[in-house]
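Structure first, then comments.
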Amino acid sequence: MKLIAELRHRLFPSALPRPTAGDFWASLAASALLLPQAMAFGIALWLPITHDAGAAALSGMLTTVWLCLGSGVLRGTQGVVSAPTGPSLALIAGSTLSLTAAGIVGSQLASAISLVILFAGIFHLLIAFFGLGGLIKFIPYPVISGFMSGSALVMILSQQGSILGDGDWFALGWITTATALCTFACMQLLPRWFPRLPNTILGMIGGTVIFYLLLLLQRQGRPPSDWIVGTIPTLDAIPLGLPDWNLAGLPLSMLMLHGLALAVLTSLNSLLVAMIADLNSGHRHHTRRELAGLGLGHLLSALSGGTTGSATTGATIISVKSGGRQWAALLTAAIFLVILLFMGPVAAWLPISVFSGIILHVAVMTMFDRDMLGWLANRPTRLDGAIALLVTGVTVFYNLITAIALGLILAVIEFIRTQTLSTVVHHRWTLEQRTSMRHRTTDEKELLQKHADRVVLYELKGNLFFGTADHMYDTMQHDFKHACCVVLDMRRVSQIDLTARHMLQQMCAVATLAGGKVMIAHAPKSLLGSPHRDRPKSPIPFPTLPSLQADVFPDTDEALEAAENKLLERLGSTLHLEHHRLQLSDFPLFEDFLPEEMRALEPLMSACHFKTGEDIFHAGAPGASMFFVLHGQVDIRLNYRKRQWLRLAKFGSGTFFGEVSLLEPGVRSADARAVTELHLLELTEAGLEQLKRDHPAAALKLLTALGREASRHLRLADLELQRMAIY
């Protein structure tokens with residue numbers, strides 16, 4: 001009992017509210033719209049097999065009951081109404097043709113069709129159970145468009161017998177043709193004068209009146225029995241039930257394949273309608289419940305001789321806009337059951353050609369995509385139009401299953417082609433356009449700018465797979481052969497397949513042979529093999545490809561800093577001084593100071609020592625001093641999440657930081673942390689004031705030098721803003 005209660009709570013977390021007046025009016029409006037359509041689609045499927053129009057019409061109506069019951073009980077989408085639809089009819093009609101071509105006829109054909117619908121219901125439940133509904137939405141639109149257009153043509157061709165009639169067309173057969181065309185015209189024109197009535201009701205009434213007027217003009221009495229629906233059987237006399245199934249010799253694998261295609265198509269259609277219902281109702285549909293309800297409806301329909309269907313766009317929109325919510329589907333099923341009990345005498349007078357006209361209108365005005373020809377005229381969409389046209393042709397001249405499979409294959413090929421032509425190189429930078437956050441001495445800056453093209457940064461974007469790997473190599477191979485360092489920023493790379501890994505391996509080998517170095521920042525999980533729990537040190541060995549001669553860094557700035565250091569070392573710079581403690585006179589900031597001015601300044605500073613990882617100051621703390629780095633390295637960081645930070649700058653030996661707080665005392669704007677063991681000299685506001693009093697010339701030189709450095713920083717900030725705007 002506890003398990004049942006838990007299952008009920010998971011499926012129905014909230015109690016079903018009482019029906020409202022909106023639910024009632026919504027179900028009435030939806031029923032009026034769906035009644036002719038359900039009868040028409042039932043007749044279109046079962047009449048050629050059973051030759052009993054009344055039982056076929058009952059099949060379509062009963063299918064609406066089961067589909068609405070399934071969606072209503074599981075409450076997947078508020079206001080949704082399900083019934084037989086054009087695409088599902090076209091697919092099951094295509095299955096009928098394939099089975100007939102395989103030699104399956106008569107009662108065995110009826111059993112086979114019911115089995116296809118049964119398998120579709122089972123696949124619906126499996127799709128819902130494994131949560132595969134989201135994948136169905138990724139079927140490309142050109143494939144859907146081609147399939148829908150081809151299905152429309154198949155539906156039109158399937159109505160030849162009902163529209164043209166049997167016997168001499170010039171004698172009386174033209175009446176059925178005229179009735180179907182007039183029904184089409186009534187559905188298209190009469191809603192202008194009767195906007196409150198569904199076009200299917202207007203078509204059924206108008207077509208029926210015209211049918212009997214034409215018979216009267218021809219002085220015909222009662223029409224031939226095969227021209228009208230006839231009396232609808234009672235519920236206990238359904239001729240297509242489970243007891244009549246003949247399963248001997250049926251190709252079950254073929255039936256399962258058709259059932260899978262039917263499940264995918266009806267699931268896609270129902271989920272699209274569910275999203276439309278969400279936009280109109282303001283509620284969010286539950287994909288698994290919607291598909292499970294669709295599966296339950298198909299199982300009940302198959303076991304009672306029904307047909308197939310899905311959520312319907314027109315009836316659902318009418319339902320939602322009429323106020324229908326969670327009771328709309330259940331009340332629609334109840335109304336259809338009431339109609340079944342009292343529809344028999346009325347259906348005895350309804351012409352079959354009227355329902356053919358309804359199907360003709362649905363196929364031409366709803367399903368056929370006339371934009372397909374426009375796609376062929378435009379170069380960017382020409383290939384999409386060709387795919388849609390090919391799927392349409394295969395649907396009409398071969399079969400629907402092959403058309404769907406072919407369309408998916410062509411869509412995959414088109415996706416690969418598009419991805420192959422698009423470059424994964426988002427931007428290419430050199431040190432002339434972008435440098436690291438590491439503050440350098442004037443000599444180091446000049447040296448880096450003079451040889452800026454020897455460090456190249458590539459920002460990659462998208463998926464690195466077999467289709468884009470070769471194009472990536474062609475784009476970057478010159479820099480891998482000639483640059484000192486190549487930095488690959490993979491922050492926007494989501495996936496790397498094995499081909500791209502081996503291509504990177506080859507590129508790193510080329511760079512190593514040429515004396516260069518490859519550095520990878522923001523390496524994706526698919527490249528590293530496993531995510532990093534902590535922020536890794538830089539550089540770290542490559543985790544999964546030992547032969548890949550590259551260093552991996554947690555962010556782009558650290559990789560770019562390492563590349564700059566590599567270039568400076570190769571150019572013979574004095575980076576080795578970082579390992580020794582500097583004197584204040586070694587700072588480029590004091591190159592214009594006289595010895596006596598340095599002797600006056602040094603006593604005003606206090607020495608500070610910090611261990612690795614120790615904080616110097618925090619953001620928000622009051623500050624009125626600046627620091628000079630004698631030895632070690634310090635990071636200026638901005639914390640934006642718990643244990644996550646952004647490096648704003650990095651300072652090494654011979655540089656300084658915090659001058660803003662010295663010139664304008666106030667709260668610190670960021671954190672300062674020692675990256676290595678750190679030796680600093682601190683100059684406070686009081687020390688600067690004393691220097692102004694005792695040695696005004698030295699104070700002026702210091703302020704002038706600080707202003708000059710501030711101007712340089714502003715220029716660099718402008719360049720960074722320009723880069724960010726381009727990025």
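The values are calculated or read from the model by the stated rules, or taken from the named source; none is laboratory data. Everything numeric in this text was worked out from a predicted model, so none of it was measured. With ideal geometry, Cβ positions are generated from the backbone for all residues, glycine too; neighbour counts draw on all protein chains shown.
Residues that are surrounded by fewer than 17 Cβ atoms within 10 Å (Cβ to Cβ), within 25 Å of A550 (Cα to Cα) and in contact with a Leu (Cβ under 9 Å, 6 or more places away or on another chain): does the range 461-470 have at least one? The answer is yes, given that some residue of the range 461-470 is surrounded by fewer than 17 Cβ atoms within 10 Å (Cβ to Cβ), within 25 Å of A550 (Cα to Cα) and in contact with a Leu (Cβ under 9 Å, 6 or more places away or on another chain). Number of residues in the range 326-374 that are farther than 26 Å from T231 by Cα, surrounded by 19 or more Cβ atoms within 10 Å (Cβ to Cβ) and not hydrophobic (A, V, I, L, M, F, W, C) equals 2. Could you grab me the full set of residues in the range 296-316 that are surrounded by fewer than 24 Cβ atoms within 10 Å (Cβ to Cβ) and modelled with pLDDT of 90 or more? Hits for the range 296-316 are L296, L299, L300. Annotation note: of S356, S301, the sole residue that is of a type in the set (S, T, N, Q), in contact with a Leu (Cβ under 9 Å, 6 or more places away or on another chain), within 20 Å of I43 (Cβ to Cβ) and assigned to a helix (DSSP H, G or I) is S301. Out of I4, I43, one residue alone is closer than 23 Å to N199 by Cβ and either at pLDDT 85 or above or of a type in the set (A, V, I, L, M, F, W, C) (or both). It is I43.
Being more than 25 Å from E561 (Cα to Cα) and in the same structural domain as D592 (by TED's automatic domain parsing) is true of K701.
Per-residue answers, yes or no, for (1) touching a Lys or Arg at 6+ places or on another chain (Cβ under 9 Å); (2) modelled with pLDDT under 80:
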{"position": "F415", "(1), (2)": "no, yes"}
{"position": "T418", "(1), (2)": "no, yes"}
{"position": "R428", "(1), (2)": "no, no"}
{"position": "L431", "(1), (2)": "yes, no"}
{"position": "T435", "(1), (2)": "yes, no"}
{"position": "K450", "(1), (2)": "no, no"}
{"position": "D453", "(1), (2)": "no, no"}
{"position": "L457", "(1), (2)": "yes, no"}
{"position": "K461", "(1), (2)": "yes, no"}
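The residue pairs whose first member lies in the range 257-274 and is assigned by TED's automatic domain parsing to the domain that holds A403 and touching a residue at least 40 places away in the same chain (Cβ under 8 Å), whose second member is of a type in the set (S, T, N, Q) and surrounded by fewer than 24 Cβ atoms within 10 Å (Cβ to Cβ), and whose beta carbons are closer than 7 Å, counting only pairs six or more residues apart or on different chains, are L271/T287; V273/T313. Of all the criteria given as (1) crowded, with 21+ Cβ neighbours inside 10 Å; (2) under 23 Å from A32 (Cβ atoms), the one not satisfied by N280 is (1).
For the range 567-584, indicate whether the set of residues that are within 30 Å of K525 (Cα to Cα), assigned to a helix (DSSP H, G or I) and modelled with pLDDT of 85 or more is non-empty. So far as the range 567-584 goes, yes, one or more of its residues are within 30 Å of K525 (Cα to Cα), assigned to a helix (DSSP H, G or I) and modelled with pLDDT of 85 or more. Taken together, V493, V456 contain a single residue that is buried (at least 21 other Cβ atoms within 10 Å of the Cβ), assigned by TED's automatic domain parsing to the domain that holds P524, within 29 Å of L571 (Cβ to Cβ) and among the β-branched types (V, I, T), which is V456. When the strands (runs of 3 or more DSSP E) confined to the range 604-644 are screened for residues that are crowded, with 19+ Cβ neighbours inside 10 Å and in contact with a Pro (Cβ under 7 Å, 6 or more places away or on another chain), none reaches at least 3 such residues.
Matching residues to (1) under 19 Å from S225 (Cβ atoms); (2) surrounded by 24 or more Cβ atoms within 10 Å (Cβ to Cβ); (3) acidic (D, E):
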| residue | (1), (2), (3) |
| --- | --- |
| L28 | no, no, no |
| P48 | yes, no, no |
| T63 | no, yes, no |
| V73 | no, no, no |
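Screening S653 with (1) within 44 Å of the chain's Cα centre (by Cα); (2) of a type outside the set (D, E, K, R); (3) in a loop (DSSP other than H, G, I, E, B); (4) surrounded by 14 or more Cβ atoms within 10 Å (Cβ to Cβ) gives one miss only, at (1). Can we say G94 is in contact with a Lys or Arg (Cβ under 8 Å, 6 or more places away or on another chain), among the small types (G, A, S), buried (at least 24 other Cβ atoms within 10 Å of the Cβ) and at pLDDT below 90? Answer is no for this residue.
Residues are listed down the side, and each one gets a yes or a no for (1) aromatic (F, W, Y); (2) touching a residue at least 24 places away in the same chain (Cβ under 8 Å); (3) under 21 Å from T77 (Cβ atoms); (4) in contact with a Phe, Trp or Tyr (Cβ under 7 Å, 6 or more places away or on another chain):
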position: G305; (1), (2), (3), (4): no, yes, no, no
position: G309; (1), (2), (3), (4): no, yes, yes, no
position: G323; (1), (2), (3), (4): no, yes, yes, yes
position: L330; (1), (2), (3), (4): no, yes, yes, no
position: A348; (1), (2), (3), (4): no, yes, no, no
position: T366; (1), (2), (3), (4): no, yes, yes, no
position: D369; (1), (2), (3), (4): no, yes, no, no
position: R379; (1), (2), (3), (4): no, no, no, no
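For the residues P48, P36, the requirement of being over 16 Å from G259 (Cβ atoms) and touching a Ser or Thr at 6+ places or on another chain (Cβ under 7 Å) singles out P36. The number of residues in the range 100-118 being in a helix (DSSP H, G or I), surrounded by fewer than 23 Cβ atoms within 10 Å (Cβ to Cβ) and of a type in the set (A, V, I, L, M, F, W, C) comes to 5.
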